[in-house]
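Written out below as structure tokens is the structure these notes cover.
The values are calculated or read from the model by the stated rules, or taken from the named source; none is laboratory data. Predicted, not measured: the structure shown is a model, and the values here were computed from it. A quick note on method: Cβ atoms are made from the backbone with ideal geometry, for glycine too, and the neighbour counts reach across all protein chains shown.
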């Protein structure tokens, strides 16, 4: 099944038989580890088959097994090297200085993209579990501003990001905010256009005007 998500070329998401278009930002809302694994590792395994650049930030409990879990779904494919599979701890990606900053996160994404262009311009798949955001990290209150801004970074690029939220851990009020900043959602085994999504300019103007200049 295909969901048109942009005017860019078609890509295989790697789970559920779904395809979409590059240049897309999904939230994945899951209830069980099996559901999370099907999304995260199916998505990455398809990218491994297609020799794309993979960027992954799993939950700390699953960090050391992420590459093996991905490769188990495509055993005939060579083991990826660190240039092809960028595996991050959440503290190193989201708050390396001890605080969370949307500006720093966008700079990190720009650096990954610019390096990728220099090395051959592969398609990029990024996915992260967002449980780290439940910790009392300075600046984490700006997470949704970053999620909103991430759309403007991804649009027009051969890049797909899936941000995974465990609905059993995050309060409903946070999940509603998550829905406001992701144009497409993965939930209940399906992928959908999200009717709650607000364009970044509108969302930031209403909820985080101090970040409008970052667009």
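Need at least 1 residues that are over 13 Å from residue 162 (Cβ atoms) and in contact (Cβ under 8 Å) with a residue 12 or more places away in the chain per element, so show me which strands (runs of 3 or more DSSP E) inside the range 7-69 make the cut, counting only ones lying wholly within it. Steps first, please.
On the way: elements: 10-12, 19-21, 24-30, 53-57.
Counting at least 1 such residues, we get 10-12, 19-21, 53-57.
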- Message: Cβ-Cβ under 6 Å, sequence separation 6+ or interchain: first residue in the range 84-109 and assigned to a strand (DSSP E or B), partner surrounded by 14 or more Cβ atoms within 10 Å (Cβ to Cβ) and at pLDDT 95 or above. Which pairs?
- Response: 85/54; 86/55; 87/56
- Note on the structure: residue 142 vs (1) touching a helix residue (DSSP H, G or I) at 6+ places or on another chain (Cβ under 6 Å); (2) farther than 27 Å from residue 111 by Cα: all pass except (2)
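Within the range 116-215, which strands (runs of 3 or more DSSP E) (wholly inside it) include 1 or more residues that are modelled with pLDDT of 95 or more, touching a strand residue (DSSP E or B) at 6+ places or on another chain (Cβ under 6 Å) and surrounded by 13 or more Cβ atoms within 10 Å (Cβ to Cβ)? Spell out the reasoning first.
Working: elements: 124-129, 159-166, 184-187, 190-193.
Output list reads 124-129, 159-166, 184-187.
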- Just one listed residue, out of 98, 76, is surrounded by fewer than 14 Cβ atoms within 10 Å (Cβ to Cβ), farther than 30 Å from residue 210 by Cα and out of contact with any strand residue (DSSP E or B) (no Cβ under 9 Å at 6 or more places or on another chain), and it is 76
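Confirm whether residue 112 is touching a strand residue (DSSP E or B) at 6+ places or on another chain (Cβ under 7 Å) and part of a helix (DSSP H, G or I).
Working: touching a strand residue (DSSP E or B) at 6+ places or on another chain (Cβ under 7 Å): yes; part of a helix (DSSP H, G or I): yes.
So residue 112 passes the test.
Return the only residue of 106, 54 being touching a strand residue (DSSP E or B) at 6+ places or on another chain (Cβ under 6 Å), surrounded by 13 or more Cβ atoms within 10 Å (Cβ to Cβ) and modelled with pLDDT of 95 or more. Steps first, please.
On the way: 106 fails: touching a strand residue (DSSP E or B) at 6+ places or on another chain (Cβ under 6 Å).
The match here is 54.
Conditions (1) under 14 Å from the mean Cα position of the chain (by Cα); (2) within 18 Å of residue 169 (Cβ to Cβ), marked per residue:
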{"residue": "93", "(1), (2)": "yes, no"}
{"residue": "97", "(1), (2)": "no, no"}
{"residue": "102", "(1), (2)": "no, no"}
{"residue": "108", "(1), (2)": "yes, no"}
{"residue": "111", "(1), (2)": "no, no"}
{"residue": "115", "(1), (2)": "no, no"}
{"residue": "122", "(1), (2)": "no, no"}
{"residue": "135", "(1), (2)": "no, yes"}
{"residue": "138", "(1), (2)": "no, no"}
- Which one of the conditions (1) at negative phi; (2) in contact (Cβ under 8 Å) with a residue 12 or more places away in the chain does residue 195 fail to meet, given that it meets all the rest? (2)
